[in-house]
Amino acid sequence: MKIFTHSLPETGFIRLNTVLELIPIGKSSWWNGVRDGIYPQPVTIGQRVTAWRVEDIKELIQSLSNAE
């Protein structure tokens, strides 16, 4: 799996579509993983806006890379 995390900002938030570009799974699988504690919990930054911390996603990508 070749993933380029250098295009992500150092800190901040990214939305689900960006997460799914980096981690090749579907939305339902992602949300099931979030529910089961496999993937990071989202942050609510508005009434209808959900995002993930860049740091959490980078850490997830690193752990997935190490698992191979």
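The values are calculated or read from the model by the stated rules, or taken from the named source; none is laboratory data. Please read these numbers as outputs of a predicted model, since none were measured by experiment. Glycine gets a Cβ as well: all are built from the backbone with ideal geometry, and neighbour counts include every protein chain shown.
When you go through Ile14, Ile57, Ile3, Ile25 one by one, which is the residue that is out of contact with any strand residue (DSSP E or B) (no Cβ under 9 Å at 6 or more places or on another chain) and at pLDDT 95 or above?
Ile25
Mind listing just one residue for me: the one in the stretch 9-33 that is touching a residue at least 24 places away in the same chain (Cβ under 8 Å) and among the β-branched types (Val, Ile, Thr) and, of those, farthest from Thr44 (Cα to Cα)?
Among those that are touching a residue at least 24 places away in the same chain (Cβ under 8 Å) and among the β-branched types (Val, Ile, Thr), it is Ile23.
Identify, by number, the condition in (1) touching a residue at least 24 places away in the same chain (Cβ under 8 Å); (2) touching an Asp or Glu at 6+ places or on another chain (Cβ under 9 Å); (3) not hydroxyl-bearing (Ser, Thr, Tyr) that Pro40 doesn't meet.
(1)
Return yes when Val49 is touching a Phe, Trp or Tyr at 6+ places or on another chain (Cβ under 8 Å) and loosely packed, with under 13 Cβ neighbours inside 10 Å and no when it is not.
no
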